[in-house]
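Read the structure below first, then the notes.
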């Protein structure tokens, strides 16, 4: 019917809503405000048509706002995110030994294309590619979540390899539906978030009549057997 302005504005709004549906964007107050302004403008445009009013609404500013939605987020996401990998003592020892043998320790951020249909399949191919190059330490999200597609458009893998980062990146980018790969070296582990549990092999346990004492490499846990019944918290004493 020639209502080109209405068609253009609604089309741009639909593009934004598609980003919500596909988890490319998260809803926030700024985006909602832009959409409400668009609805108000659409209402005025329809009223003008109904009333036979030839007055045109200025939609250029709204079109620019809609096209800019998510662009700042995209620029931020193109940088490797500050992901906390929770490492246990076993992981830490593997990484230290690998560094002593001149292995490289990397974190790869893999970003899938917006129209990727089989995210789990792509993440599996990336996982296998990296696994063939060395040893994988951790993934964020977990491997189970990757298999169940419980992630948005990206995932992270910490791994060891003798290869250089550009070689790894090139191999991953050869996989279809991979939009971007960012790889950073891990220089030290001081900022890593370690789990407190110790491997079972390093634990000894002594029981008396009323008290159970568990001795690990770094701490001693002492609890009364009555605590098990009452589910009280365990007192912890750190060895120095």
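Taking the residues in the stretch 150-169 that are without any contact (Cβ under 8 Å) to a residue 60 or more places away in the chain and assigned to a strand (DSSP E or B) as candidates, determine which candidate is surrounded by the fewest Cβ atoms within 10 Å (Cβ to Cβ). Once the filter is applied, the top-ranked residue is 161. Output yes when any residue across the stretch 42-51 is assigned to a loop (DSSP other than H, G, I, E, B) and over 19 Å from residue 64 (Cβ atoms), and no when none is. Yes, the stretch 42-51 contains a residue that is assigned to a loop (DSSP other than H, G, I, E, B) and over 19 Å from residue 64 (Cβ atoms).
Which ones in the stretch 66-116 are closer than 23 Å to residue 16 by Cα, at pLDDT 85 or above and not in a loop (DSSP other than H, G, I, E, B)? Step through it out loud before you land on a result.
Initial filter on the stretch 66-116 (closer than 23 Å to residue 16 by Cα): 66-79, 111-116.
When the remaining residues are screened for being at pLDDT 85 or above, the result is 66, 111-116.
Result: 66, 111, 112.
One residue is enough: does the stretch 214-224 have a residue meeting the conditions more than 27 Å from residue 89 (Cβ to Cβ), modelled with pLDDT under 85 and either assigned to a loop (DSSP other than H, G, I, E, B) or not assigned by TED's automatic domain parsing to the domain that holds residue 91 (or both)? Within the stretch 214-224 (the criterion being more than 27 Å from residue 89 (Cβ to Cβ), modelled with pLDDT under 85 and either assigned to a loop (DSSP other than H, G, I, E, B) or not assigned by TED's automatic domain parsing to the domain that holds residue 91 (or both)), the answer is yes, since at least one residue qualifies.
Among the candidates 172, 186, single out the residue that is within 20 Å of the chain's Cα centre (by Cα), at pLDDT 90 or above and surrounded by 13 or more Cβ atoms within 10 Å (Cβ to Cβ). Step through it out loud before you land on a result.
Numbers: 186 fails: at pLDDT 90 or above.
After ruling out the rest, the residue left standing is 172.
If the condition is being over 23 Å from the mean Cα position of the chain (by Cα) and either modelled with pLDDT of 90 or more or surrounded by 12 or more Cβ atoms within 10 Å (Cβ to Cβ) (or both), then the stretch 16-35 contributes 34, 35.
The requirement of being free of Cβ contacts under 8 Å to residues at least 40 places away in the same chain, assigned by TED's automatic domain parsing to the domain that holds residue 109 and over 20 Å from residue 104 (Cβ atoms) is satisfied by residue 147.
For (1) part of a helix (DSSP H, G or I); (2) under 25 Å from residue 154 (Cα atoms), each residue gets a yes or a no:
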{"position": "10", "(1), (2)": "yes, no"}
{"position": "15", "(1), (2)": "yes, yes"}
{"position": "18", "(1), (2)": "yes, yes"}
{"position": "26", "(1), (2)": "no, yes"}
{"position": "33", "(1), (2)": "yes, no"}
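The values are calculated or read from the model by the stated rules, or taken from the named source; none is laboratory data. Everything quoted here is computed from the prediction, not taken from an experiment. Don't worry about glycine lacking a Cβ; one is built from the backbone with ideal geometry, like all the others, and counts go over all protein chains shown.
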